[in-house]
Amino acid sequence: MALLRIEDISVSYGNIRALSDVSMSVDEGDIVALIGANGAGKSTLMSAIVGLVPLQSGTVEYDGQAICQSKHQKLTTDLIVKKGIALVPEGRHVFADMTVEENLDMGAFMVRDSALIARKKEEMYDFFPILGARRKQKTRSLSGGEQQMMAIARALMSSPRLLLLDEPGLGLAPLVVQDIFSKIRIINEESRLTVFLVEQNARLALKSSDYGYVLENGRIVLQDTGENLLSNESVQKAYLGA
Amino acid sequence: MSTFTLYMQYIVNGITLGAIYSLIALGYTMVYGILKFINFAHGDVLMVGAFVGLLVYEALAGAAEPGMWTIFCFFIAMLASMAFCAVLGMFIERVAYKPLRNANRLAPLLSAIGVSFILSNGAAWIFGTTSRRFPYPFENDPIHIGGVTITPHQILVIIVSVAMMVLLAFFVNKTRMGKAMRATSLDQPTSMLMGINVDRVISLTFAIGSALAAVGGMLAAFDFRVYPSMGTMTGLKAFVAAVIGGIGNIQGAMIGGVLLGILEAVGAPLLHIPNGMRDTVAFAVLIIILLVKPDGILGKNEREKV
């Protein structure tokens with residue numbers, strides 16, 4: 001069953017069209033990857049799902065309910081994420097002047113049960129031991145990889161049903177990126193969390209995913225299972241450097 | 001009196017004055033932290049706070065002799081004034097600033113100046129322009145410690161200001177909404193992703209800043225009396241204090257206010273500046289800070305790690 005369904009959405013920045021009639025869906029429990037070159041519109045799509053950029057046309061449906069619609073947008077971002085969606089934004093956007101622990105508290109802003117928050121935090125410190133070691137440190141003192149872990153942990157604090165990851169590997173060393181992707185797979189398997197991710201490292205993204213979409217100049221040009229896309233000739237040529 | 005005790009006296013006076021600047025500076029800095037906008041109507045909110053406080057105090061205390069009852073009345077008047085200004089602050093934001101949030105950066109600034117005129121002229125219309133005395137709620141017999149004199153009203157100013165700042169520090173560092181306020185000032189879109197209702201945080205920021213201005217206005221009223229344009233100079237100086245501390249930084253506003261108060265109280269006699277020209281000290285300090293360290297003492301000059 002599709003947890004997230006995107007139907008014919010278009011987004012423009014002034015005269016520049018960023019997305020044209022994009023349709024796609026993410027099934028519950030899957031990891032779905034969206035690959036594409038710089039400027040293809042990947043981050044715009046992520047921002048559109050959570051209502052950070054307005055739609056020109058089309059609908060975004062979550063769990064059978066329209067959350068974003070052109071013209072009569074009813075929900076603001078804070079109400080959309082309350083439905084169970086968490087986005088790890090491109091460039092991590094940690095609250096740099098706050099400690100690791102305070103960042104996790106912010107991730108749990110919507111959770112009112114303090115015992116549950118404490119338990120979630122311990123879970124995160126177990127799963128990302130480096131965060132446990134640095135819980136009292138300002139987040140700005142963390143390395144890029146640690147900040148990415150921090151941003152993912154922060155998103156998991158609200159126990160979302162759908163996790164959106166925007167370029168989790170951006171600017172990180174290959175080993176760190178692999179570590180992050182293995183964590184994502186563990187989260188997906190253990191808690192059946194649905195993951196939709198955008199990534200430049202197409203090989204790693206497709207290898208980790210059940211299904212994939214290819215975005216070019218604001219349009220979906222190809223879609224298939226992760227495996228099939230990996231062996232697709234045009235994907236290999238354009239994104240895998242083969 | 002030796003020069004040393006004389007200057008100790010100036011410092012005590014400066015701290016008292018500075019504590020008031022700090023309370024008012026907090027409102028400027030908190031709003032700037034989140035909206036990157038200078039609320040120039042903030043000084044007039046402190047004037048409204050002083051008037052409301054005075055009216056409530058007079059209604060309650062009447063002609064009672066200073067004593068426990070009048071002190072109690074003073075604190076009730078302070079709470080009433082804080083509540084009134086909190087609502088006023090939220091109302092001003094909702095009506096005059098929120099509709100302009102996506103407009104040109106100059107628009108809310110001009111709107112703020114308009115609100116400032118409406119408040120001060122409105123007060124002149126209702127209360128007239130003659131200044132009123134804020135009666136001391138207690139006998140103001142000075143206390144002598146060494147060669148330094150401190151009045152009960154100075155002690156009240158310091159105790160109330162410190163209490164307010166401790167409460168505020170607790171709020172922003174320990175409570176859920178306080179942390180949400182810091183998060184919003186650090187990164188607005190990301191705080192929305194956390195499920196934070198940014199509009200509500202902005203309203204709350206105006207409420208708290210205006211309530212603190214109400215307290216500052218009442219405390220300033222002892223020395224400066226109560227009149228419709230009382231907020232202009234005090235508000236401007238509190239703004240200077242916020243810039244000195246690093247605008248947008250809460251601790252900075254606290255430090256900047258006290259520092260400005262001391263500089264003003266000590267600097268004027270030290271440089272033989274006549275009393276009528278004392279205000280120049282604050283603005284000279286502003287110019288020096290802008291030239292030497294435009295980010296202020298605690299301003300954000302660290303680069304974000306990308």
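Output the residue which, of all residues in region B:192-210 that are in a helix (DSSP H, G or I) and within 7 Å of chain A (Cβ to nearest Cβ), is surrounded by the most Cβ atoms within 10 Å (Cβ to Cβ). Even if it seems obvious, please write down each step before you answer.
To start, the set of residues in region B:192-210 that are in a helix (DSSP H, G or I) comprises B:192-193, B:198-210.
Subsequent filtering for residues that are within 7 Å of chain A (Cβ to nearest Cβ) retains B:192-193.
Working: B:MET192: 23, B:LEU193: 28.
This residue is B:LEU193.
Identify, please: which residue in region B:170-191 is part of a helix (DSSP H, G or I) and under 24 Å from B:LEU88 (Cβ atoms) and is, among those, nearest to the other protein chains (Cβ to nearest Cβ)? Lay out the reasoning, then the answer.
Start the filter on region B:170-191 by keeping residues that are part of a helix (DSSP H, G or I), which leaves B:170-174, B:176-186, B:188-191.
Of the ones still in play, those that are also under 24 Å from B:LEU88 (Cβ atoms) are B:171-172, B:177-178, B:180-181, B:184-185.
Details: B:PHE171: 14, B:VAL172: 11, B:MET177: 9, B:GLY178: 10, B:ALA180: 6, B:MET181: 11, B:THR184: 10, B:SER185: 9 Å.
My answer is B:ALA180.
Considering (1) under 17 Å from the mean Cα position of the chain (by Cα); (2) farther than 24 Å from B:ASP199 by Cβ; (3) part of a strand (DSSP E or B), say which one A:ALA86 fails and leave the rest.
(2)
Looking at (1) more than 13 Å from chain B (Cβ to nearest Cβ); (2) surrounded by fewer than 20 Cβ atoms within 10 Å (Cβ to Cβ); (3) among the hydrophobic types (A, V, I, L, M, F, W, C); (4) not in a helix (DSSP H, G or I), which one does A:MET110 not meet, given that it meets all the others?
Here A:MET110 clears every test but (1).
Would you tally the residues in region B:167-185 being more than 22 Å from the chain's Cα centre (by Cα) and surrounded by fewer than 20 Cβ atoms within 10 Å (Cβ to Cβ)?
Result for region B:167-185: 3.
I'm trying to understand the selection: among the residues of region B:241-256, which are surrounded by fewer than 24 Cβ atoms within 10 Å (Cβ to Cβ) and more than 19 Å from B:ILE34 (Cβ to Cβ)?
B:ILE255
Is one or more of the residues making up region A:113-124 out of contact with any Phe, Trp or Tyr (no Cβ under 6 Å at 6 or more places or on another chain), in contact (Cβ under 8 Å) with a residue 12 or more places away in the chain and facing another protein chain (nearest Cβ under 7 Å)?
No, region A:113-124 has no match at all.
Going through region A:143-172 one residue at a time, which ones are part of a loop (DSSP other than H, G, I, E, B), within 12 Å of another protein chain (Cβ to nearest Cβ), within 22 Å of A:GLY41 (Cα to Cα) and touching a Phe, Trp or Tyr at 6+ places or on another chain (Cβ under 8 Å)?
none
Among (1) assigned to a helix (DSSP H, G or I); (2) among the β-branched types (Val, Ile, Thr); (3) crowded, with 18+ Cβ neighbours inside 10 Å, where does A:VAL214 come up short?
If we test A:VAL214 against (1) assigned to a helix (DSSP H, G or I); (2) among the β-branched types (Val, Ile, Thr); (3) crowded, with 18+ Cβ neighbours inside 10 Å, just (1) comes out false.
Does B:VAL240 meet the test of being closer than 23 Å to B:VAL172 by Cβ, under 12 Å from the mean Cα position of the chain (by Cα) and assigned by TED's automatic domain parsing to the domain that holds B:LEU186? Even if it seems obvious, please write down each step before you answer.
Working: closer than 23 Å to B:VAL172 by Cβ: yes; under 12 Å from the mean Cα position of the chain (by Cα): yes; assigned by TED's automatic domain parsing to the domain that holds B:LEU186: no.
So B:VAL240 fails the test.
Please tell me if B:LEU291 is at pLDDT below 95 and part of a helix (DSSP H, G or I).
Details: at pLDDT below 95: yes; part of a helix (DSSP H, G or I): yes.
In short, yes.
Residue under question is A:LEU204, and the condition is that it be of a type outside the set (Lys, Arg) and touching a Leu at 6+ places or on another chain (Cβ under 6 Å); does it hold?
Judged against the criteria, A:LEU204 is not a match.
Identify all residues within region A:59-105 that are away from every other protein chain (no Cβ under 12 Å) and buried (at least 20 other Cβ atoms within 10 Å of the Cβ); write none if there are none. Quick ask: steps written out before the conclusion?
Narrowing region A:59-105 to residues away from every other protein chain (no Cβ under 12 Å): A:59-74, A:100.
Across region A:59-105, the qualifying residues are A:VAL60, A:TYR62, A:ILE67, A:CYS68, A:VAL100.
Among the residues of region A:7-58, what is the count of those that are closer than 25 Å to A:ILE186 by Cα, of a type in the set (S, T, N, Q) and more than 14 Å from chain B (Cβ to nearest Cβ)?
Selection size over region A:7-58: 1.
Do you know which residues across region B:211-225 are of a type in the set (A, V, I, L, M, F, W, C) and either within 15 Å of B:SER22 (Cα to Cα) or surrounded by fewer than 24 Cβ atoms within 10 Å (Cβ to Cβ) (or both)? Full working, then the answer.
Filtering region B:211-225 for residues of a type in the set (A, V, I, L, M, F, W, C) gives B:211-215, B:218-222, B:224.
Across region B:211-225, the qualifying residues are B:ALA211, B:LEU212, B:ALA213, B:ALA214, B:VAL215, B:MET218, B:LEU219, B:ALA220, B:PHE222, B:PHE224.
Does region B:219-228 contain at least one residue that is closer than 30 Å to A:LYS138 by Cβ, more than 14 Å from chain A (Cβ to nearest Cβ) and either in contact with a His (Cβ under 8 Å, 6 or more places away or on another chain) or hydrophobic (A, V, I, L, M, F, W, C) (or both)? Reasoning before the result, please.
Just the residues of region B:219-228 that are closer than 30 Å to A:LYS138 by Cβ, to begin with: none.
No, every residue in region B:219-228 fails to be closer than 30 Å to A:LYS138 by Cβ, more than 14 Å from chain A (Cβ to nearest Cβ) and either in contact with a His (Cβ under 8 Å, 6 or more places away or on another chain) or hydrophobic (A, V, I, L, M, F, W, C) (or both).
The values are calculated or read from the model by the stated rules, or taken from the named source; none is laboratory data. Since the model is a prediction, treat every value here as computed from it, not as a measurement. In this analysis, Cβ positions are derived from the backbone assuming ideal geometry, glycine residues included, and neighbour counts consider all displayed protein chains.
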